[in-house]
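The values are calculated or read from the model by the stated rules, or taken from the named source; none is laboratory data. It should be emphasised that the depicted structure is a prediction, and the values quoted were computed from it without experimental measurement. Note that each Cβ is placed from the backbone with ideal geometry, even for glycine, and that neighbours are counted across all protein chains shown.
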């Protein structure tokens, strides 16, 4: 039982490049989330999903896209990377009735 | 969106109780209050959640006021390993939209 798995763990991008952060969970959770955390700051919700085929914007969705074609996977797409997107990205999943978010180990992204 | 207010930092002596307050005056009637903590740059760790009644588990106790506008997380015997940033989450209107506030940085000292 791996829980929530994020890849890659580290990535350096050039300005204007695109990439996808992968997130998969094996707990059959309906709810999945993407957060970003800038140095010394709290977590900001980017996008979330309450089930396959359903996604919603969070607090800071601009510059990102998501899809949820399966229960297990919730990839985060960065188009036209900018230095402001340098951050640590956390994916999480939950079966909301239990109240517990399970987090991945994070993906550290640097845009130069 | 959720709106919570927490003190930015608190200190606690090891072995003493740490009482971490959170104001969530805009919480919806049926939404839970959740508490998480983050140690260094790890992913946040779930601590406890509650609706109306006080809750206790092996990690902490949660006291929610009767009007549900505020809550207090209690770590009964703080240790150095409890040094972390503690976040209170109180959804408003959309139960699944879980947003973190700025949190309280708890420093446990000898």
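Things worth noting here:
- Boolean, residue A:100 is surrounded by 14 or more Cβ atoms within 10 Å (Cβ to Cβ), within 21 Å of residue B:43 (Cα to Cα) and more than 14 Å from every other protein chain (Cβ to nearest Cβ): no
- When segment B:12-30 is filtered for residues that are more than 15 Å from the chain's Cα centre (by Cα) and either assigned to a loop (DSSP other than H, G, I, E, B) or surrounded by fewer than 15 Cβ atoms within 10 Å (Cβ to Cβ) (or both), the ones remaining, listed by number, are B:13, B:14, B:15, B:16, B:26, B:28, B:29, B:30.
- Hey, residue B:96 closer than 13 Å to residue B:22 by Cβ, without any contact (Cβ under 8 Å) to a residue 60 or more places away in the chain and in contact with a strand residue (DSSP E or B) (Cβ under 9 Å, 6 or more places away or on another chain) or not: no
- Of the residues making up segment A:39-79, just one is assigned to a strand (DSSP E or B) and in contact (Cβ under 8 Å) with a residue 60 or more places away in the chain, namely A:78.
- Any hit, segment A:82-100, residues being at pLDDT 95 or above, in a loop (DSSP other than H, G, I, E, B) and over 25 Å from residue B:38 (Cα atoms): yes
- Annotation note: of B:24, B:77, the sole residue that is more than 14 Å from every other protein chain (Cβ to nearest Cβ) and under 30 Å from residue A:54 (Cβ atoms) is B:24.
- If you go through segment A:33-64 and keep only what is more than 10 Å from every other protein chain (Cβ to nearest Cβ) and within 10 Å of the chain's Cα centre (by Cα), you end up with A:34, A:36, A:46, A:47, A:64.
- Residues in segment B:87-106 that are more than 7 Å from chain A (Cβ to nearest Cβ), surrounded by fewer than 24 Cβ atoms within 10 Å (Cβ to Cβ) and over 23 Å from residue A:54 (Cα atoms): 3 in all.
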